[in-house]
Amino acid sequence: MPSTSMQRETPAPAVTGRSPFARLNDLLADIKPGKQPIMLSVGEPQHPIPKFVGDVIAAYLADFGRYPANKGTEQFRQAVAQWLARRYKLPRPVDPESEVLVLCGTREGLYLGAIAASRFVAPRQGKPAILIPNPFYAVYAAGAIAAGCEPVYMPARKSTGFLPDLDSLSDELLARTVAFYIASPANPQGSIADMDYLTRVMTLARRFGFLVFSDECYSEIYNDKPPRSILEAAAPDFANVVAFHSLSKRSSLPGLRVGFAAGDRRFLAAFLELRNVAAPQVPVTLQHVAVAAYNDERHVEENRRLYGEKFDLAERIIGSRYGYRRPAGGFFLWLDVSAQGGSEAVTKKLWSEAGVRVVPGGYLARNQSDGSNPGADYIRVAMVQDKETTAEALERVVAVLG
């Protein structure tokens, strides 16, 4: 198989380990916005929260007086298992008792999962590694480093459909792999892994004895076909895989901080042991809100419709500029601004001339061993504002960049 040299991280300035948003703040600190600011940098949903949230909290207010169990309430775990059975093509239901855990959002689960994985897998052949798509959600690398593993960045470029090239991974690298992070739909590119791809990843995991952490928090925001889950590829026993979900994007509830992990029962038992001493607990009252959310699809359909309308605006206003393509999933634009000067220069220009705040794609990625950065030519634009604000922002982008 081909060498893994292109995946390995090379020494880089310490700043690359910082939050992309901290770096963005530094980049724009001394620049005044040219117009009334429009924030399209943070992927924080701005759609109205579901109407039932307040009523559920009021009904279960007294449960704030209880210490929650790290495993999650039985009612929550059953609601998750039933939702998974409705949403995906599974040959058997996920067992709510042994194959579901509540999370305080996906971030802490993805982070602590790496630490649990490093203790769970059999000894590796060489320096333990965790594989990460590049660009990526910053918590993947943070988890790998906290687990004492080498983060290995797999470029996800246009030439490979914005997914890591599985054929480029050598047996030597896979034999020392602890976990493989995959996001589908991907943040930031919006690419979706099909069942063939997910099955190949799962097969490699079982052959080499590592875990697959599938970040599926954008699963309910899609353009055409609903994304598939790693659980479908790994059924019926779900061995070696864990799917991570959250209500932040699905239900526009980023402040609720409720999600779940589902999959390999042996790993989840070990994960729970770590969570019992290290993880934040999810209030019982908020788990009741999650139960209501997983039992209601109307607000999810409305949420998806609103995003669809904003992507319609992007097609009309941006057209074919900046390599724009309507993403298969998620709510980001991933715009190629190499002809306009690259990600940092364009980010500064949009802020200083248009008052539009975006994220340089280079801040969402790491340099590869050849010095290239898979995000350096791009900016990420979060389509989280209302239609009118989004239209204004996109018009400003086109006016400034041409």
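Data table
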quantity: Residues satisfying the stated conditions in region 318-339, i.e. among the aliphatic types (A, V, I, L, M), open to solvent by less than 20 Å² (accessible area, probe 1.4 Å), part of a loop (DSSP other than H, G, I, E, B) and in contact with a strand residue (DSSP E or B) (Cβ under 7 Å, 6 or more places away or on another chain); calculated: V337
quantity: Close pairs (6 angstrom Cβ cut-off, 6 or more residues apart or separate chains): aromatic (F, W, Y) in region 288-307, open to solvent by less than 10 Å² (accessible area, probe 1.4 Å) anywhere; calculated: Y294/A79; Y294/W83; Y307/I221; Y307/F331
quantity: Which listed residue, of L364, L394, is more than 19 Å from the chain's Cα centre (by Cα) and either small (G, A, S) or buried (at least 19 other Cβ atoms within 10 Å of the Cβ) (or both); calculated: L394
quantity: Options V358, V346, V384; residue that is touching a residue at least 12 places away in the same chain (Cβ under 8 Å), over 16 Å from A156 (Cβ atoms), over 22 Å from the mean Cα position of the chain (by Cα) and open to solvent by less than 50 Å² (accessible area, probe 1.4 Å); calculated: V346
quantity: Filtered residue count, region 83-97, keeping only those that are assigned to a loop (DSSP other than H, G, I, E, B) and surrounded by 15 or more Cβ atoms within 10 Å (Cβ to Cβ); calculated: 4
quantity: Selection count where residues are within 25 Å of Y307 (Cα to Cα), in a helix (DSSP H, G or I) and in contact (Cβ under 8 Å) with a residue 24 or more places away in the chain, scope region 45-82; calculated: 3
quantity: Considering residues of region 181-237 that are open to solvent by 20 Å² or more (accessible area, probe 1.4 Å) and under 13 Å from the mean Cα position of the chain (by Cα) only, the residue nearest to L364 (Cα to Cα); calculated: N187
quantity: Among the residues listed as R119, R124, R157, R92, the single one being of a type in the set (D, E, K, R) and within 29 Å of G190 (Cβ to Cβ); calculated: R157
quantity: Number of positions in region 251-291 that are within 26 Å of R304 (Cα to Cα) and surrounded by fewer than 18 Cβ atoms within 10 Å (Cβ to Cβ); calculated: 1
quantity: Count - residues of region 142-180 that are closer than 23 Å to L231 by Cα, under 17 Å from the mean Cα position of the chain (by Cα) and of a type in the set (A, V, I, L, M); calculated: 5
quantity: Residue check, S320 more than 24 Å from the chain's Cα centre (by Cα) and within 24 Å of P20 (Cβ to Cβ); calculated: no
quantity: Test set (1) surrounded by fewer than 17 Cβ atoms within 10 Å (Cβ to Cβ); (2) within 29 Å of A29 (Cα to Cα) - N295 fails condition number; calculated: (2)
quantity: Contacts under 6 angstrom Cβ, first residue in region 7-31 being more than 28 Å from D165 (Cβ to Cβ), partner open to solvent by 40 Å² or more (accessible area, probe 1.4 Å) and at pLDDT 95 or above, 6 or more apart; calculated: I31/S352
quantity: Single match in A183, A175, A85 (criterion: over 30 Å from D296 (Cβ atoms) and aliphatic (A, V, I, L, M)); calculated: A175
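The values are calculated or read from the model by the stated rules, or taken from the named source; none is laboratory data. No experiment lies behind these values; they were computed from the predicted model shown. All Cβ positions, glycine included, derive from the backbone under ideal geometry; neighbour counts span all protein chains shown. What goes into the accessible areas is simple: the full protein's heavy atoms, side chains included, and nothing from ligands, DNA or RNA. Shrake-Rupley method; radii C 1.70, N 1.55, O 1.52, S 1.80 Å.
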